[in-house]
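Please read the structure below before turning to the comments.
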Amino acid sequence: MGRPKGKPDPNLSLGKIIDSIELILKYKIHLIDINQSDEFIHNSISDIKSNQIIMFENIRFNPEEESYSDKFSKYLSSFGDIYINEAFAVSHRNHSSITGIPKFIPGFMGYMMYKEFISISNQSSQLSNNSICIFGGAKISDKIQILNNFLGKGFNV
């Protein structure tokens, strides 16, 4: 949530949305700072009850998230058995929690990410050489690979 640049920022804490998530899911959520000790985190996981969820605080509070670190990715993966990616909008980024965790445990697309992937695949397969594609967003660098893909197929972008 947000761009805290590797430092805790109370305005970007997931604690602000815990009550809403609990209300929707009807589960108690325990928010844990990833910078807690291994022992604390593993004990919290061991003590969890069937009607509870453990959620890590905003992972971007850790500087190793956005700078990518195999060590941090492996550490994050040690707390789970599988990885489900629902973060379609940032899946192109080389962040520890995006590209790193699936190196250490099995990784899969989540349902919403799958729906977005299928939608884009269907749209791009229906385009003709006369199609015009319009891309938006604040950072053009995030779209370069997609733009090159469309330009390589003769589309107007």
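The values are calculated or read from the model by the stated rules, or taken from the named source; none is laboratory data. Since we're looking at a predicted model, the values are computed, not measured. Heads up, the Cβs are rebuilt from the backbone with ideal geometry, glycines too, and the neighbour counts pull from every protein chain shown.
From the list Arg3, Arg93, which residue is touching a helix residue (DSSP H, G or I) at 6+ places or on another chain (Cβ under 9 Å), closer than 30 Å to Gln145 by Cα and not assigned by TED's automatic domain parsing to the domain that holds Lys115?
Details: Arg93 fails: not assigned by TED's automatic domain parsing to the domain that holds Lys115.
Just a single option satisfies the conditions, and that option is Arg3.
If you scan the stretch 100-137, which residues turn out to be at pLDDT 95 or above and among the β-branched types (Val, Ile, Thr)?
Ile101, Ile105
Among the residues in the stretch 121-141, are any under 25 Å from Ser46 (Cα atoms) and in contact with a Lys or Arg (Cβ under 6 Å, 6 or more places away or on another chain)?
The answer is no, given that none of the residues of the stretch 121-141 is under 25 Å from Ser46 (Cα atoms) and in contact with a Lys or Arg (Cβ under 6 Å, 6 or more places away or on another chain).
Inside the stretch 138-147, can you point out the residues that are surrounded by 11 or more Cβ atoms within 10 Å (Cβ to Cβ), at pLDDT below 75 and part of a helix (DSSP H, G or I)? Break it down into steps so the answer makes sense when it comes.
If we filter the stretch 138-147 for residues that are surrounded by 11 or more Cβ atoms within 10 Å (Cβ to Cβ), which is where we start, we get 142-144, 146-147.
Retained after the next criterion (residues that are at pLDDT below 75): 142-143, 146.
Selection gives Asp142, Ile146.
Which residue is surrounded by the fewest Cβ atoms within 10 Å (Cβ to Cβ), if the candidates are limited to the stretch 1-14 and must be in a helix (DSSP H, G or I) and either among the aliphatic types (A, V, I, L, M) or at pLDDT 95 or above (or both)?
To start, the set of residues in the stretch 1-14 that are in a helix (DSSP H, G or I) comprises 10-12, 14.
Subsequent filtering for residues that are either among the aliphatic types (A, V, I, L, M) or at pLDDT 95 or above (or both) retains 12, 14.
Details: Leu12: 18, Leu14: 16.
It comes out as Leu14.
Is at least one residue of the stretch 59-75 of a type in the set (Gly, Ala, Ser), under 26 Å from Phe108 (Cβ atoms), in the same structural domain as Gly110 (by TED's automatic domain parsing) and in contact with a helix residue (DSSP H, G or I) (Cβ under 6 Å, 6 or more places away or on another chain)?
yes
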